[in-house]
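Here's the structure we're looking at; comments come further down.
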Amino acid sequence: MTTTIIYIGSFLALLGVLVTIHEYGHFIFARIFKVHVQRFSLGMGPVIYKRLDKHGTEFAVSALPLGGYVSMITNKLIELEPEVKKELTAEQIKNTFDSKPKWQRAMIMFAGPLANFILSIFIFTIIFLNTPDPQSIAVIKDVNSSISSTINSEVIPGDQIYAIDSTIIRDPKDISLELLSFAGYSGIVNLHLKRENIDIPVNVAIAVKNFLPSPESQSNPLKYLGLDIEYKMRPIIGSVVKLGPAQIAEIKKDDIVSKIGNKEINYASDIKNIISKMPNENVFIDIIRDGDLIRLPLKIGSSKDVDGNEIGIMGITFGTSRSFLESISKGAYETYNLSIKTLQFIGKMLTGNMGTENLSGPIGIAQMAGNTAQAGFVPFMYLMALLSISLGVLNLLPIPVLDGGQLTLLGVEAIRGKPLAEKTENLIYTVGALMVGALMIFAVFNDVARFF
């Protein structure tokens, strides 16, 4: 029972925030351009709660918690429902939605998806500000020659993945996303690697044909290539324990460990492996601080492991904190990158190069919301940011009844110099509604199919 409440509650909270932010984007720009908003509703269907503000806008909560809407006054509405005119002031009648310049109407339509993108940037910024940057690097652990002989001949364990084609890998998780963008592709994929003792990146040209052809291969693109990857942290000091061996040796936050004794350090795990075997020993440690190489004497401390054995310790942690500017910059890039990838994946689903099994409806979203809510606040917020991006991108698709469809019709109106005929417009909106309805049914079918 408790688990069910968590799933339902997290789903409603997730959807409630996303819909509210999206519709508020439309609402605030309508207010900026003085268009009267008749109703701002969270949910669809019968109204179960409502209240009026001083501008005459009805804020409502409706029975079906799947979506929402902002109802603006239009000339067409006044023509169809003359009694509405009696409830409006002369100023409101003058400022109908369709009386506004095209650029203002476009801004009102675009403001919903824009609000979703701003929300995702905000969430990512908060997450990045409050979590350490692990400074992880994707390192090739093993190469499976039985899967890919091309890869095996040119890639060796220990290589770091630096870039794929012209895209720099800023975060290890971007590797799979970038490879997925090649689903169905035939040609050359360039893998740029950093190799130990070689200053210039190594380029490996991989010839692929109908790359990632199945849902199984798309679920693990690296495995499909025959690569086993591990993520290793750079040896950058994140924090120093007060009065610990490292602080006594005058090692500081952001120092990069280069060498311990005569042993080279490439990753944070190298430090742990070396230090743990040297309790209470005196060594020299080479660090890079502000570009300068410094050698410091270090007396390694000691502690007991779970088995009671004595091990060496330094009193340090790894990973760096981000400034506000770094966090918001990374949040903006993350939003941009995932938006582009979402568009690419939609395109590949339409062409059949990527399985539609990835589409989720309300049941799938509720399941993800519940799972992430139980995992913790950060995973739940990360999911909210991802879905906010998806909502923004999907709404910009040129499908009538969606914001992108209305923007497209505005573009057609600008080119023609006049709106489409009412019958044509109604037909277009009907087709659009049917397309969206069919997509929703298909997504729900996918949700149900996952349980069998």
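DSSP beta bridges confined to the chain are antiparallel in about 95 percent of cases. In terms of accessible area, using a 1.4 Å probe and ignoring ligands and nucleic acids, Tyr429, Tyr49 rank largest first as Tyr49, Tyr429. Across the options Phe33, Met368, Ile5, the greatest Cα extent toward the positive end of the charge dipole of the chain (unit charges at beta carbon of Lys, Arg, Asp, Glu) belongs to Phe33.
Separation of region 220-282 from region 381-399 is 38 Å, based on Cα centroids. Taking a point 7 angstrom from the Cα of Tyr333 along the C-beta vector, which residues in region 234-265 have backbone N less than 11 Å away? No residue qualifies, since no backbone N sits under 11 Å from the label point. For region 226-384, the C-alpha radius of gyration divided by 2.2 N^0.38 Å, with N the number of residues, is 1.48. Magnitude of the charge dipole for region 159-260, about its Cα centre and with charges confined to Cβ atoms of Lys, Arg (+1) and Asp, Glu (-1), is about 220 debye. Taking 1.567 mPa s as the viscosity and 4 °C as the temperature, the Stokes-Einstein diffusion coefficient of the chain based on its alpha-carbon Kirkwood radius rounds to 49 µm²/s. Heavy-atom accessible area, probed at 1.4 angstrom with all protein chains present, ranks Asp290, Asp174, Asp254 as Asp290, Asp254, Asp174, highest first. The ellipsoid that matches the Cα gyration tensor of region 147-292 has semi-axes, each √(5λ) in whole angstrom, of 38, 15, 14, with the longest given first.
A cut-off of 5 Å between modelled amide H atoms, ignoring neighbours fewer than 5 places along the same chain, links Ile206 with Val189, Asn190, Leu191.
At a 1.4 Å probe, what is the % contribution of carbon and sulfur to the accessible area of the chain?
Within the chain, the accessible surface is 61 percent carbon and sulfur.
About its Cα centre, the dipole of region 206-252 is roughly 160 debye, where the only charges are +1 on Lys and Arg Cβ and -1 on Asp and Glu Cβ.
Charged side chains reduced to their Cβ positions (Lys and Arg at +1, Asp and Glu at -1) give the chain a dipole of some 980 debye around its Cα centre. In this rough spin-label picture, where each label sits 7 Å from Cα along the Cβ direction, the Asp171-Asp142 distance is 2.8 nm. Extending 7 Å from Cα along the Cβ direction at Ile346 and again at Ala207 yields two label points whose distance is 3.6 nm. Taking a straight Cα-Cα cut-off under 17 Å and skipping sequence neighbours fewer than 8 places away in the same chain, the aspartates and glutamates within cross-link reach of Lys304 are Glu281.
Sequence-distant contacts, meaning Cα pairs under 8 Å at least 6 residues apart, place the relative contact order of the chain at 16 percent.
The values are calculated or read from the model by the stated rules, or taken from the named source; none is laboratory data. All values reported here derive from a predicted model rather than from experimental measurement. Glycine gets a Cβ as well: all are built from the backbone with ideal geometry, and neighbour counts include every protein chain shown. Keep in mind that these areas ignore ligands, DNA and RNA; they rest on the heavy atoms of the full protein, side chains included. Shrake-Rupley method; radii C 1.70, N 1.55, O 1.52, S 1.80 Å.
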